[in-house]
Amino acid sequence: MLDFITTERKLQSTLSIERYIHTMGVVKTALKLGNLYGADSYKVHVAALLHDCVKDYPPDMKRRFCKEFHVEVDDIMLSCIDLTHAFLGAEVAKREYGIVDEEILDTIKYHTTGRKNMGIVEKIVFIADYIEPNRKTFDTLEEARKLAFEDIDKAMAFILESTIEYVNERNRPLHPLSVEAFEYYSGLEKN
Ligand SMILES: [Fe+2]
Ligand SMILES: [Fe+2]
């Protein structure tokens, strides 16, 4: 069982203050959603807490650890190095925080790109990451917040669509996992 106090201390030493505040917002929101949708609150809590555990590593460190730990990052992730923080985060959660539960590790791994057919804990953390209360308001946030508590799959489709638009507008590389996830969740909506 994970010792939350030690983990929070360790996270505080590796994350910026803003990121730590964001993380705590994700934990709070994820637990609320977990309660609503009947997900395992321990898994939700651990995954939310660790989802960004390597996000503030400097780019070189991300690159080096991806190599050293043989993290399966692809060229798109390497071209936009911040994208590696999800896959690398899962590996670091395993090695440094002692997480062995595959559902928790997958939740960390896919919290940025999403993927098709995600488990309940994965969806909850993915959504909580987007809607947590400390995020500065942007166009699609209120709708996402509303949908999150009404229909979790609709919220997934909506957030994925907004994220894809955001990425495209900025000419950033779009990861195929996100496209696949969007197609999957928008397809569910039509049925
Ligand atoms: Fe993240
Ligand atoms: Fe995050």
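Points to keep in mind about this one:
- Complete set of residues in the stretch 97-128 that are closer than 22 Å to Leu174 by Cβ, hydrophobic (A, V, I, L, M, F, W, C) and either surrounded by fewer than 20 Cβ atoms within 10 Å (Cβ to Cβ) or within 15 Å of ligand 2 (Cβ to nearest atom) (or both): Ile108, Val125, Phe126, Ile127
- Pairs meeting the criteria (first residue in the stretch 17-45 and over 17 Å from Ala148 (Cβ atoms) and part of a helix (DSSP H, G or I), second residue within 15 Å of ligand 2 (Cβ to nearest atom) and of a type in the set (D, E, K, R), beta carbons under 8 Å, at least 6 apart or on different chains) are Arg19/Asp52; Arg19/Lys55; Arg19/Asp56; Thr23/Asp52.
- The stretch 118-148, residues that are within 27 Å of Glu102 (Cβ to Cβ) and either among the hydrophobic types (A, V, I, L, M, F, W, C) or assigned to a loop (DSSP other than H, G, I, E, B) (or both): Met118, Gly119, Ile120, Val121, Ile124, Val125, Phe126, Ile127, Ala128, Ile131, Glu132, Ala148
- For the stretch 149-172, the set of residues classified as surrounded by 13 or more Cβ atoms within 10 Å (Cβ to Cβ) and in a loop (DSSP other than H, G, I, E, B) consists of Phe149, Asp151, Arg172, listed by residue number.
- Options Lys109, Lys123, Lys94, Lys146; residue that is under 20 Å from Val26 (Cβ atoms), among the charged types (D, E, K, R), free of Cβ contacts under 8 Å to residues at least 24 places away in the same chain and within 16 Å of ligand 1 (Cβ to nearest atom): Lys109
- The stretch 38-49, residues that are of a type outside the set (Phe, Trp, Tyr) and over 9 Å from the mean Cα position of the chain (by Cα): Gly38, Ala39, Asp40, Ser41, Lys43, Val44, His45, Val46, Leu49
- Evaluation of Lys136 against (1) closer than 27 Å to Tyr57 by Cβ; (2) surrounded by 16 or more Cβ atoms within 10 Å (Cβ to Cβ) (one fails), failing number: (2)
- Selection count where residues are in a loop (DSSP other than H, G, I, E, B), of a type outside the set (A, V, I, L, M) and surrounded by 13 or more Cβ atoms within 10 Å (Cβ to Cβ), scope the stretch 54-84: 6
Throughout, read-outs are computed from the coordinates displayed, never taken from laboratory work. Remember, it's a predicted structure, so these values are computed and weren't measured experimentally. In this analysis, Cβ positions are derived from the backbone assuming ideal geometry, glycine residues included, and neighbour counts consider all displayed protein chains.
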